[in-house]
Amino acid sequence: MATIREVADKAGVSVATVSRAINDSGYVGKEAKRKIMKAVKELNYKPNEVARSLYQKSSKMIGLLLPDIANPFFPLIAKGVEDVAQEKGYMVLLGNVEGDSHREQKYIDFFSQYNVSGVLSASSEAQTFGKGIPIVFLDRVKDRKNFFVTVDHFKGGQLAAQTILKSKPRKVVIMVGPRHVDVAVDRLQGAESILNESQIDYELFETRTYQAEDAEKTAEELLNNFENIDSIIANNDIFALAIIKEALKRGLRVPEDIQIIGYDNTPFSNFMNPQLTTVAQPGYEIGYEAAQILFKIIDKETVHKSVSLEPYVIERESLRKVGEQKNG
Ligand code: RIB
């Protein structure tokens, strides 16, 4: 790979002049600039990004912290972020936090060492970063004083409850996501605001995690704990799919014996048989909008504080059609 010294020699200028021309960091005469760009092209010179970032104390990289890349909801966010980063000529460093604050802190330190120009975080752990690195929170937003993009999860919880009420449930279980994650509490409050207005009997099933790896175990626990339920508001699609699988394994019919609504609209939710009815949240747009805000901060442009996107229901096959009541 060509070096900056070879470019300087070919253009007949000093290394410092080449560096100024490439980093646009000072005066370079028109003729010298022309010779330098010609040499860069002929030698196919690629600036050393690490060296450039050390010199400029910022790099063409941004950091992205996600809670669980095994959950297909989060790659949707990552794709939205990456599409904006590509447009801006930036690369994305991904940190998969797995709900572990020590792991998150290691990624934060790593991002600082590599002089990332900014960070996007969907993790609800540390929520604190080194000074001077712009950060935008997305999805799980604990502190609303920062820049953030999220979804109206209170409304999402209401939509889940309103949708399941349409199918005339006899007894509903609400799966409560981990209460330290703000989205879980917002959704619970939304669902209860609707169910408390109805005459329908419901119970809460507390979960400690949204992690995909815990879905099957949690599905077994839920179906062991509640025998005579006919309706479930799941805390996300992965857990809803695990419950459908466990219910079918136990000889229950879905939705006739037990109906279920998920949350997220992950890519596989319509591949299941029966296809999952769910409260969709626009994962791609969450990432895209958050990255747009971050780059406005990096480029020192005017920024609107926050964006709250709307959830919406996608009705598929895992809810009983009105009139398709549970037998007996
Ligand atoms: O599926 C994982 C859940 O955690 C999603 O509902 C999303 O909102 C994230 O916060």
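The values are calculated or read from the model by the stated rules, or taken from the named source; none is laboratory data. All of these numbers come straight from a predicted model, not from anything done at the bench. Positions of Cβ are generated from backbone atoms using ideal geometry, with glycine treated the same way; all protein chains shown enter the neighbour counts.
Just checking, does the range 93-105 include any residue being within 25 Å of T209 (Cα to Cα), within 15 Å of the ligand (Cβ to nearest atom) and of a type in the set (G, A, S)?
yes
Condition test on E246, is it within 23 Å of R179 (Cβ to Cβ), away from the ligand (no atom under 16 Å from the Cβ) and in contact with a helix residue (DSSP H, G or I) (Cβ under 7 Å, 6 or more places away or on another chain)?
no
When you look at K296, is it surrounded by 16 or more Cβ atoms within 10 Å (Cβ to Cβ) and free of Cβ contacts under 8 Å to residues at least 24 places away in the same chain, yes or no?
So K296 passes the test.
Considering only the range 274-295, I want to know if a residue exists there that is more than 16 Å from the ligand (Cβ to nearest atom) and not assigned by TED's automatic domain parsing to the domain that holds L120.
Yes - at least one qualifying residue is present in the range 274-295.
Scan the range 180-195 for residues that are touching a residue at least 24 places away in the same chain (Cβ under 8 Å), within 16 Å of the ligand (Cβ to nearest atom) and either in contact with a Leu (Cβ under 8 Å, 6 or more places away or on another chain) or over 13 Å from N236 (Cβ atoms) (or both) and jot them down.
Within the range 180-195, the first condition is being touching a residue at least 24 places away in the same chain (Cβ under 8 Å), and the residues that meet it are 180-184, 186-195.
Still in the list and also within 16 Å of the ligand (Cβ to nearest atom): 180-184, 186-191.
Correct list: H180, D182, D186, L188, Q189, G190, A191.
What number of residues in the range 191-231 are buried (at least 17 other Cβ atoms within 10 Å of the Cβ), aliphatic (A, V, I, L, M) and not in a helix (DSSP H, G or I)?
Counting residues in the range 191-231 that are buried (at least 17 other Cβ atoms within 10 Å of the Cβ), aliphatic (A, V, I, L, M) and not in a helix (DSSP H, G or I) gives 2.
Identify, please: which residue in the range 249-271 is polar (S, T, N, Q) and touching a helix residue (DSSP H, G or I) at 6+ places or on another chain (Cβ under 6 Å) and is, among those, nearest to the ligand (Cβ to nearest atom)?
T266
Please go through (1) buried (at least 23 other Cβ atoms within 10 Å of the Cβ); (2) within 15 Å of the ligand (Cβ to nearest atom); (3) modelled with pLDDT of 95 or more for G177 and return the number of the only condition it doesn't satisfy.
With respect to (1) buried (at least 23 other Cβ atoms within 10 Å of the Cβ); (2) within 15 Å of the ligand (Cβ to nearest atom); (3) modelled with pLDDT of 95 or more, G177 is out only on (3).
Return only the number of the condition from (1) surrounded by fewer than 23 Cβ atoms within 10 Å (Cβ to Cβ); (2) assigned by TED's automatic domain parsing to the domain that holds I77; (3) closer than 17 Å to D264 by Cβ that T163 does not satisfy.
T163 satisfies every listed condition except (2).
Counting only residues that are in contact with a Phe, Trp or Tyr (Cβ under 6 Å, 6 or more places away or on another chain) and modelled with pLDDT under 95, how many does the range 267-285 have?
Qualifying residue count for the region: 0.
Check whether at least one residue in the range 241-249 is farther than 25 Å from I69 by Cβ and crowded, with 24+ Cβ neighbours inside 10 Å, and report yes or no.
no
Sort out which residues of the range 77-107 are in a helix (DSSP H, G or I), at pLDDT below 95 and not hydroxyl-bearing (S, T, Y), and write them in order of number. Can you show your working first?
Filtering the range 77-107 down to residues in a helix (DSSP H, G or I) leaves 77-87, 101-107.
Still in the list and also at pLDDT below 95: 101-107.
Answer for the range 77-107, where residues must be in a helix (DSSP H, G or I), at pLDDT below 95 and not hydroxyl-bearing (S, T, Y): H102, R103, E104, Q105, K106.
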